[in-house]
Amino acid sequence: MSPLTLTLSSYSRWLCRFKILHSQNALVAFSSTATTTTPPNENQTQSSGPAPPPIRVALTESAGRGVFATRKIRAGDTIHSAKPIVSHPSLSAIDTICYFCLKKMKPFTESQSQGVSFCCEKCKESSKVFYDVEKKADWVDFDDYCRTQGLKFPLLVKRLACMVISGAAPADIVDILQPASLTQRMILKMEEGFCLLRNAFTKANMGDERTYFLTKQWYTAVLARIRINAFRIDLAGGAYEDLLSLAAASIEAEAAVGNAIYMLPSFYNHDCDPNTHIIWIENADAKLKALRDIDEGEELRICYIDASVSCHARQSLLSQGFGFECNCLRCLSGD
């Protein structure tokens with residue numbers, strides 16, 4: 001999936017920025033709902049509504065920020081769910097899934113004029129935060145560039161740019177997320193994608209007052225954050241609610257339907273023997289599940305890669321893909 005977390009230089013600076021972003025736009029909120037199966041305590045009533053997620057974000061000793069349990073969480077509990085800040089379907093699956101929520105479509109669903117489909121009227125209406133802008137431009141060159149180069153993250157930048165132009169999101173909505181370290185060579189390779197994106201909006205006669213933010217620096221900065229914070233979405237399908245089914249779904253899931261960026265899930269650090277698992281059942285709404293009992297104060301961690309490979313292979317994947325050396329107990333033991 002994709003990706004997540006390195007080091008944050010100043011927690012107080014991050015907290016201040018989050019408060020500002022949270023007040024600017026509801027899209028930045030930790031779109032999370034508590035759906036834990038732990039029964040309420042004696043002081044709770046049915047009318048009090050769902051409790052907040054049993055977690056907090058704080059600094060770790062060595063891995064920057066992380067997510068910690070505020071109470072005991074039982075194996076199999078749903079810790080919280082999260083809606084994406086921005087998502088985009090895979091180009092290979094674009095004709096078979098909802099263009100907004102990435103839910104798999106039933107056969108022979110009526111398509112829209114540009115070949116995209118929505119699973120319901122709600123998704124069609126919700127898509128206006130980007131689609132009303134997107135359909136005004138010609139994306140053939142940009143999509144061909146992504147397809148021939150095997151790129152997926154520029155598609156998320158395109159969708160985010162459309163959201164900013166439509167006024168649905170601030171241009172700095174992902175600034176809170178940790179960026180990847182980019183070499184000058186990597187930045188130069190991004191230039192073609194930026195030019196194609198910019199040209200598409202220019203040819204669509206969108207004025208500078210609407211695309212003022214769309215500079216090479218903005219494009220590069222957003223792509224740097226997406227590179228290590230985007231999740232690859234593999235739909236499990238069905239109503240997998242027990243732990244064994246979740247594990248099976250993770251292994252047997254079909255090819256990825258797309259990629260997405262989330263706020264709270266991006267704060268989870270990595271472990272090759274994780275206590276938490278992120279899944280997608282029917283669409284891009286993510287669920288964080290406890291793989292085992294978790295004690296109060298314990299850090300919640302997910303696995304960024306295929307944990308079944310050797311220690312050497314895991315270290316190589318994490319170093320090249322995420323820029324850090326894993327020092328989890330499993331790696332330290334050489335397992």
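Amide H to amide H, which residues 5 or more places from Y304 or on other chains are under 5 Å from it, using H placed in the peptide plane?
When sequence neighbours closer than 5 places are left aside, the close amide H contacts are D271.
All other residues with a Cβ under 10 Å from the Cβ of C331 taken together, and with Lys, Arg as +1 and Asp, Glu as -1, what is their net charge? Show your work: numbers first, answer last.
On the way: positive: R314, R330; negative: D271, D273, E325, D335.
So the environment of C331 carries a net charge of -2.
Rank L160, Q149, S117 by how far each Cα sits towards the positive end of the charge dipole of segment 72-183 (+1 on Lys, Arg Cβ; -1 on Asp, Glu Cβ) and give me just the farthest.
S117
Give me the extension gain from F213 to R330: residue separation times 0.36 nm, minus the current Cα-Cα distance, reported in nm with one decimal.
Working: separation 117, 0.36 × 117 = 42.12 nm, distance 4.41 nm.
Value of the extension gain: 37.7 nm.
Students often forget the sequence filter, so: which aspartates and glutamates lie under 17 Å Cα-Cα from K289 once same-chain residues fewer than 8 apart are removed?
D77, D234, E241, D242, D271, D273, E298, E299
Starting from the Cα of K203, draw a straight line to each of the aspartates and glutamates and keep only those under 20 Å, dropping any in the same chain fewer than 8 residues away.
By straight Cα distance, K203 reaches D132, E134, D138, D141, D143, D144, E191, E192.
Sort Y262, Y212 so that the residue with the fewest other Cβ atoms within 10 Å of its own Cβ comes first and the one with the most comes last.
Details: Y262 27, Y212 12.
The fewest-first ordering by Cβ neighbours comes to Y212, Y262.
Using Cα centres only, tell me the gap between segment 141-181 and segment 198-228 in whole Å.
Cα centres, segment 141-181 to segment 198-228: 8 Å.
If each residue's Cβ is checked for other Cβ atoms within 10 Å, how do W218, W280 rank with the fewest at the top? Please report the intermediate quantities before stating the final value.
Numbers: W218 18, W280 25.
Least to most surrounded, the residues fall as W218, W280.
Quick one: grab the alpha carbon gyration tensor of segment 69-216, order the square roots of its eigenvalues as a ≥ b ≥ c, and give me rounded if a/c is under 1.5, else prolate or oblate depending on whether a/b is larger than b/c.
Details: a/c = 1.64, a/b = 1.18, b/c = 1.39.
Oblate.
Looking at this model, which pairs from K152/K216; K128/K216; K158/K287; K189/K216; K122/K152 are more than 23 angstrom apart at the alpha-carbon? Each step should come with its number before you reach the end.
On the way: K152/K216 18 Å; K128/K216 26 Å; K158/K287 25 Å; K189/K216 12 Å; K122/K152 26 Å.
Where the Cα-Cα span goes over 23 Å, the pairs concerned are K128/K216; K158/K287; K122/K152.
Taking the Cα centre of segment 97-180 as origin, sum charge times position over the Cβ atoms of Lys and Arg (+1) and Asp and Glu (-1), and report the length of that vector in debye to the nearest 20. Working shown, then result.
Values: 12 positive and 11 negative charges, 76 e Å.
Taking the Cα centre of segment 97-180 as origin, the dipole is about 360 debye.
Give me the percent relative contact order of segment 83-219, please, defined on Cα pairs under 8 angstrom at least 6 residues apart. Intermediate values should be presented prior to the final figure.
Details: 114 pairs, mean separation 30.2, N = 137.
This gives 22 percent for segment 83-219.
Read-outs throughout are calculated quantities, based only on the coordinates presented, and are distinct from any laboratory measurement. No experiment lies behind these values; they were computed from the predicted model shown. Glycine gets a Cβ as well: all are built from the backbone with ideal geometry, and neighbour counts include every protein chain shown.
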